[in-house]
Amino acid sequence: MLVLGAFPLHAATYYIATNGSDANPGTLAAPFYNVTKATALAAPGDTIFMRGGTFAYTNIIRITNSGTAGAPIKLWAYTNEAPLLDFSGMADDPANRAFLIYSNANWWHFKGLEIYRAGDNGMKIEGSHHIIEQCTFHHCRDSGLQIGFADSTED
């Protein structure tokens, strides 16, 4: 008897590095550069590792996909490395978050990220069941981490 559950049969692992390219396959040897490239591909049980170094971003990282209770999606700093997500090129504006996790995006686990100088919040969470672990938010225009009201809009 074969029983299929809600767990992924084979979880993927993606890598992001300062020397990466979004034309790459996202492997350790050929990583992506943009977080948005990896988050858009991520499915329940997948892990995204960010290598150390400074990543200069100006656009909001919008997350709309979900993990599950038994298979969250992980966005973690690579072991013993410190990724700095630098949003200092982002305009100061109440709608400019570094990360915006929509109300339909649930079960994400963020670990070891440093988020700097977002145009508003470093991360605004509208979804549920997230873990934010060992992350640092600083010099953002507004609060570093904001928990929303499960709104489906960007306000």
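Tell me, yes or no, whether the range 60-70 has at least one residue that is farther than 21 Å from residue 127 by Cβ and not β-branched (Val, Ile, Thr). Working first, answer last.
Step one: of the range 60-70, the residues farther than 21 Å from residue 127 by Cβ are none.
Within the range 60-70, not a single residue is farther than 21 Å from residue 127 by Cβ and not β-branched (Val, Ile, Thr).
So, in the range 74-114, exactly how many residues are part of a strand (DSSP E or B) and either closer than 21 Å to residue 64 by Cα or open to solvent by 20 Å² or more (accessible area, probe 1.4 Å) (or both)? Before the answer, list the steps.
Applying the first criterion (part of a strand (DSSP E or B)) to the range 74-114 yields 74-77, 83-86, 99-101, 108-111, 114.
Then keep just the ones that are either closer than 21 Å to residue 64 by Cα or open to solvent by 20 Å² or more (accessible area, probe 1.4 Å) (or both); that gives 74-77, 84-86, 99-101, 108-111, 114.
Looking only at that region, the number is 15.
Working only within the range 37-72, note down all residues that are open to solvent by 40 Å² or more (accessible area, probe 1.4 Å), assigned to a strand (DSSP E or B) and of a type in the set (S, T, N, Q).
Selection gives 54 alone.
Which number in (1) touching a Gly at 6+ places or on another chain (Cβ under 7 Å); (2) within 20 Å of residue 116 (Cβ to Cβ) marks the one condition that residue 73 misses?
(2)
State whether the residues of the range 11-30 include one that is in contact with a Lys or Arg (Cβ under 6 Å, 6 or more places away or on another chain) and within 23 Å of residue 131 (Cβ to Cβ).
Of the residues in the range 11-30, the ones in contact with a Lys or Arg (Cβ under 6 Å, 6 or more places away or on another chain) are 17, 22.
Those still in the list that are within 23 Å of residue 131 (Cβ to Cβ) too: none.
Among the residues of the range 11-30, not one is in contact with a Lys or Arg (Cβ under 6 Å, 6 or more places away or on another chain) and within 23 Å of residue 131 (Cβ to Cβ), which makes the answer no.
Name the residue that is modelled with the highest pLDDT, counting only residues in the range 1-36 that are aromatic (Phe, Trp, Tyr) and part of a loop (DSSP other than H, G, I, E, B). Steps first, answer last, please.
Step one: of the range 1-36, the residues aromatic (Phe, Trp, Tyr) are 7, 14-15, 32-33.
This time we only want the ones that are part of a loop (DSSP other than H, G, I, E, B), so: 7, 33.
On the way: 7: 52, 33: 98.
Among those that are aromatic (Phe, Trp, Tyr) and part of a loop (DSSP other than H, G, I, E, B), it is 33.
The values are calculated or read from the model by the stated rules, or taken from the named source; none is laboratory data. Just so you know, these numbers come straight off a predicted model, no measurement behind them. Note: ideal-geometry Cβ built from the backbone for every residue, glycine included; neighbour counts use all protein chains shown. Accessible surface areas use protein heavy atoms only, side chains included; no ligands, DNA or RNA. Shrake-Rupley method; radii C 1.70, N 1.55, O 1.52, S 1.80 Å.
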